[in-house]
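Heads up, the thing below is written out as structure tokens.
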Amino acid sequence: LSGGTGVNQLLQALEQAGPVARNAGLSLNETASALALLAQNGIEGGKAGGALRAILDGLSDPASRFSQELSKIGISSRDFSTVIDQLGVKGATAQNAINALGSRGTAALQALVREGGGALDELGAKIAGSGGSVQALADKIENTLPAAFENLKQAFSDVQQKFFEPLLGPIKTEVDAL
């Protein structure tokens, strides 16, 4: 894998970001490409995984500050690669949206935007030609107890986001009216 990311660092990153990336619709190659690009920019291992997770969490939650800032600058897509490209096009206008991720995701998103979607595609092509080595690592991660707990935690988070969070606004309005 290019990007200077060793096997252990990639395992750490995939453990952090893998379940969220899968739920966000990213393929294993897209996830590994983003992590390798982060590694090329000095963000490796669990830090890269946590940062990618923060970005994807922000994209998937319409109530997140990141998602709201994207809407303010006219970015309606929540597709990872599309958002990276559109933030690059927006230039300095995109800075508030990037900063909305906070300390966990801002530096990573800046690196991804600076490199651009073309770099992600290029790394994806190299990974696709790696003969399944990334898939073998993912399979190894998926067959661990921590991965099972992480998948359960992510499923609960998804249920909470889809069913409970939409109710909070109307409930808050009613409570505030009292």
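The values are calculated or read from the model by the stated rules, or taken from the named source; none is laboratory data. If you're wondering where the values come from, they're calculated on a predicted model, not measured in any experiment. FYI the Cβ positions are ideal-geometry reconstructions off the backbone, even for glycines, and counts take in every protein chain you see. SASA here: full protein model, heavy atoms, side chains in, ligands and nucleic acids out. Shrake-Rupley method; radii C 1.70, N 1.55, O 1.52, S 1.80 Å.
Considering only residues that are in contact with a Gly (Cβ under 6 Å, 6 or more places away or on another chain) and either open to solvent by 30 Å² or more (accessible area, probe 1.4 Å) or outside any helix (DSSP H, G or I) (or both), look in the stretch 76-86 and name the one that is nearest to Glu122 (Cα to Cα).
Within the stretch 76-86, the match that is nearest to Glu122 (Cα to Cα) is Ser81.
What's the number of the condition Gly58 fails, among (1) modelled with pLDDT under 90; (2) in contact with a Phe, Trp or Tyr (Cβ under 6 Å, 6 or more places away or on another chain); (3) of a type in the set (Gly, Ala, Ser)?
Going through (1) modelled with pLDDT under 90; (2) in contact with a Phe, Trp or Tyr (Cβ under 6 Å, 6 or more places away or on another chain); (3) of a type in the set (Gly, Ala, Ser) one by one, Gly58 breaks only (1).
Would you mind listing the helices (runs of 4 or more DSSP H) fully within the stretch 1-75 where at least 3 residues are among the hydrophobic types (A, V, I, L, M, F, W, C) and crowded, with 23+ Cβ neighbours inside 10 Å?
Those helices (runs of 4 or more DSSP H) span 7-23, 28-40, 45-60.
Please go through the stretch 61-82 and give me each residue that is without any contact (Cβ under 8 Å) to a residue 40 or more places away in the chain and of a type in the set (S, T, N, Q), ordered by number.
Ser64, Ser67, Gln68, Ser71, Ser76, Ser77, Thr82
Could you say which residue among Leu35, Leu28 is under 20 Å from Leu10 (Cβ atoms) and touching a residue at least 60 places away in the same chain (Cβ under 8 Å)?
Leu28
Given the residues Lys90, Lys126, Lys140, which is the only one that is at pLDDT 90 or above, of a type in the set (Lys, Arg) and part of a helix (DSSP H, G or I)?
Only one candidate passes the filter, namely Lys90.
Tally time: how many residues in the stretch 87-98 are open to solvent by less than 70 Å² (accessible area, probe 1.4 Å) and touching a residue at least 12 places away in the same chain (Cβ under 8 Å)?
5
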